[in-house]
Each structure stands twice: as C-alpha cells, then as structure tokens.
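These notes are about the structure you will find just below.
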Amino acid sequence: MDINSDKKILFLINAGLGDVCHAMPILFALYEKYPSIKVELLFASKSAEELTRLFFHQVTGIIASELNTLFRKIFQIIRWRRARFYYVISGAHFDSPKTSLIARAVRAKQSVGMRRERYSFLYDLPVTRLNGKHVFTDYAALFQHVGISDTDIESGKRRFHEELGKIARSHRRPHLSAEPYRARIAFVNGADTIIRGRWKPSLKRIPNSSLLGIFKGLKQDLSTQFILLGVDEDTFPDEMKSDGEVIDLRGKTDIVDLITILHEADFLVCNDTGTMHLAHFCGTPYVALFGPTDAEIFAPEGLQVNIVQAHGACAPCQFDPICSAENCDLFEHVQVDRVVRLATDILSGKVTCPPDFNPT
C-alpha cells in the first residue's frame, strides 16, 4: 500500500475496551506509516470509543448496540457499501458467524479474516495464525496484509504506553485522597455486555467471598487506600464498600480518570475485563483471576506469573458453558492466600510483573 495512501479500512473488531487496547498499537503503526489513511471501527462499548478518540479523532465508528434493529443493521451495511472501503478486516472473532457475512456484504476491494473463523471461506484472503493461540496476535497477522510489520506494532505498543503516561501526568488526580499511603490498591470486577447463546458475561466476575478474602488479606499489614473501579453494576461485597479505607468510584470515572487512577495505583486486583488490558498498557502491576476464560488466549501477554487461572474439568468454557450458573464456581477453588501472597510479592518487588515497554 502506498505510504501516501488515502484508502479506507473498515475494521470489524466489535471492540470492547480490552479489544481496543490491543488495537491501539496497530492504529499508532497505521497512522505513523500512512498518515492519510481513513479507518472506521465497529465498537462494542462507549468506553472503547472514548479511548480511541483520545488519540485518533479521525477514526470514525459506530457502537454495535446502536444497531439494535434489523432496519438499522441493513442501513449500516448499505452505508458501509457506499463508503467504498479498500479493505474490510475482521476482528478475528472466531466464534461469530456474522463478521464474515458482513465483510462479504460490504463488498470492499479486499476482505481479510482469520482462517479459523466460522465461514472464513467468505473472505477474499483467509489468514493463518502466525504462532501460539493468543487472540491478539491475530491482529498482527491480519494487518501484515496492509503493510504493518511486527516491528511496527511493537513500536505502536511503546507509543501507546507513552501517550497514556502523558495523559495521566497532565490530568488532575481525580477523587483520590492526598493523605500519604504506603500503597494504593484498586479492585475491578467487570463484565462485558455481549451475550452469545448460553454465555453470560457475569461468569467472568470474581465471587464476593473471594474478593472479600483478598481484601482482608491485603489490608492486614499495609497502610493502604483501596479503590473500587468499574460501572455501577460491577459487584463487590458490602463489607468492602462500607470500609473507611475504600473509595467507591464505580460509575464516577470517565476514561481519562481511569487512566489517571491506574497510573496512581500501586497495584490492581482484577478479573478478565477491559480495565485489566488498559492497566497492562499503563504499566500498572496487577494480578488477574481467570475462570471460564482461557488466560493463554485472552490475557494481555498470555499466561504470565501475575495471572491466576482457575482449573476444572469444565474450564475454559467460553463461549459454550455447560452449566446455567450466573457466576463461575471455579473461582471458589482459587486459594485466596495464594493471590494475596502473589500481590504482596509484586508490591514488594520480589516478583516482577510484566510488561516492559522499553525498547530493547
């Protein structure tokens, strides 16, 4: 593709906050290489759109929930067809039958998708995964076909990390006490809004009993301020919410506030949720608990020392659970003491928590 290209790309990523975090390095690489490129995304959440627009005002897009009727879906596909995209690129959602069908309906000059996706034969160019099974490496494989190399993406990761730091430094410290604390520990227990068949997003939430055990374990010896992050619906035990050392910021932060708080926090305890991915690129140390989802596929860098995977005969079950539970019972088998010990070791520097965005 010509470096001065003004070609249009439609990226059908259906991106929540975590997906967009991993798409951002690609956007940085794209605009570094092709400054006049035009990109449109399909977003899954408002926070994903807000994060993208912080850095790329020229990126257009629509939130999938706004396409809530058949008429709106058809109208949107007609609009995409009229836009005459040069490339339409899938978001590598291997379980979705819709992405490849939409890509075909849009009728771009070339459609690119992963070979492992359902109905991948509908793409002009089905792409084979490069290595491993980590889902976000699929983006790299897809965008190689528009001239973006692994080196470009690594540079994009560093740039994203640096730009997040600039935002945090220029934004006032929101909602946090100025009192000196030995540590600030944030908790996140989010769930996305996408429902597929029997899959319930709430299955990813850590149960209150485990959260309370981790909270009490971390509170024992530390002079600590605790912060609850997320939306109003994200669940935490009443004992945590009413504790005098806890600031409950659920539903009270925008994306800039969240970036700033993650930079202010010394540590994050979380589940498999978008804030985990944002913390990864902010460089915030964290421990993440995975139950029904596979950390080797969905954790920011795959299965690392700071990832605790719950094991069981039924796991991982995303997106086809065999039970009808609202929450995953496997979390109950995670040893709270192990999580507390790991968190304490990372806080004290005994264990190094990835990532390192410094150039080698």
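Each reported figure results from applying straightforward, stated rules to the coordinates on display, with no laboratory input. Please read these numbers as outputs of a predicted model, since none were measured by experiment. Cβ atoms come from the backbone with ideal geometry, glycine included; neighbour counts cover every protein chain shown.
Summary of computed values
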item	result
Given 7/46; 8/200; 166/200; 166/216, the pairs whose alpha carbons are separated by over 32 Å	8/200; 166/200; 166/216
Relative contact order for segment 175-348, counting Cα pairs under 8 Å that sit 6 or more residues apart, in percent	27
Positive-end extreme of charge dipole, segment 8-166 - chosen from 11, 161, 101 (charges on Cβ)	101
Relative contact order (percent, whole number), segment 83-132, Cα cutoff 8 Å, 6+ residue spacing	35
Per-residue [θ]222 nm for the chain (sum of -39500 (n - 2.57) over DSSP H runs n ≥ 4, rounded to 500)	-11000 deg cm²/dmol
Relative exposure of 21, 270, 317, judged by other C-beta atoms within 10 Å (fewest first)	317, 270, 21
Global form of segment 184-275, assessed from the alpha-carbon gyration tensor, a/c cut-off 1.5	oblate
Among (i) 61, 46, 38; (ii) 56, 48, 39; (iii) 77, 55, 37, the entry that matches Cα extents along the principal axes in Å as calculated here	(i)
Residues 261, 227 arranged by fewest to most Cβ contacts within 10 Å	227, 261
Footprinting exposure proxy for 12, 303 (fewest neighbouring C-beta atoms within 10 Å first)	303, 12
Mean Cα-pair separation over length for segment 1-107, i.e. relative contact order, pairs under 8 Å, 6 or more apart, %	33
Options 268, 330, 207, ranked by Cα towards positive dipole end of segment 175-348, top entry (Cβ charges)	330
Built amide H within the under 5 Å cut-off of residue 62, gap 5+	41, 43
Alpha-carbon centroids, segment 9-80 and segment 311-360: separation in whole Å	30
